[in-house]
């Protein structure tokens with residue numbers, strides 16, 4: 001792959017391919033054509049071929065794709081086996097739910113610690129991890145070589161925490177705070193999650209179904 005530029009729109013489709021192929025594998029399917037995969041995913045066959053060709057292409061003429069092999073290759077591209085050392089900032093309802101329900105280990109991350117400034121919940125266990133005081137963040141990051149942070153704190157609290165985390169060497173953020181991390185730190189990786197945006201998008205789609 002080298003230094004070849006891959007568009008972010010292609011990267012964002014890879015997890016969806018990975019998920020669909022996993023479902024097909026679990027259903028007992030062994031191979032699939034780009035046309036059939038496209039029909040199942042609501043894409044075009046040419047789109048799928050173009051996306052996969054960005055990474056070398058994995059199909060065979062007249063055979064299609066081996067589902068298990070293709071999922072494994074996409075997993076390698078996404079880095080699902082990397083175990084990036086990760087912490088979570090914020091152990092309120094959202095943070096606890098994410099820490100408990102998201103399969104970090106099979107998505108490329110190792111969740112090592114959960115932090116919160118609320119002393120009343122420090123020491124509680126979330127998915128096998130004790131909630132640590134926010135004052136321990138810097139030492140913990142340096143001792144454990146943390147690379148990624150999940151941000152589950154309010155917008156107004158995010159700036160100072162992000163500054164600290166970047167200073168600690170954090171280079172990737174799964175950001176639920178709505179704080180614009182890349183405005184100040186354009187060279188870190190950020191995946192922003194906006195539930196309200198998603199909900200309003202659904203609203204638009206529903207009210208325009210019959211137009």
Mind checking Rg over Rh on segment 84-197, alpha carbons, Kirkwood formula for Rh? 0.92
Using alpha-carbon coordinates, inclination of helix 8-26 to the longest axis of the chain, degrees: 70
Does anyone have the angle between helix 195-207 and the longest principal axis of the chain? Alpha-carbon axes, 0 to 90°, nearest 10? 40
Rounded to the angstrom and largest first, Cα extents along the principal axes for the chain equal 61, 46, 34
Scoring segment 84-197 by relative contact order with C-alpha pairs under 8 Å, at least six apart, yields a percentage of 24
In Å, what is the Rg of the alpha-carbon atoms in segment 8-76, and how long is Dmax? 10.8, 31
In degrees between 0 and 90, to the nearest 10, how far off the longest principal axis of the chain does helix 67-78 point, with axes built from Cα atoms? 40
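No value in this document is a laboratory result; all are computed from the given coordinates. These figures come from a predicted structure and were not determined experimentally.
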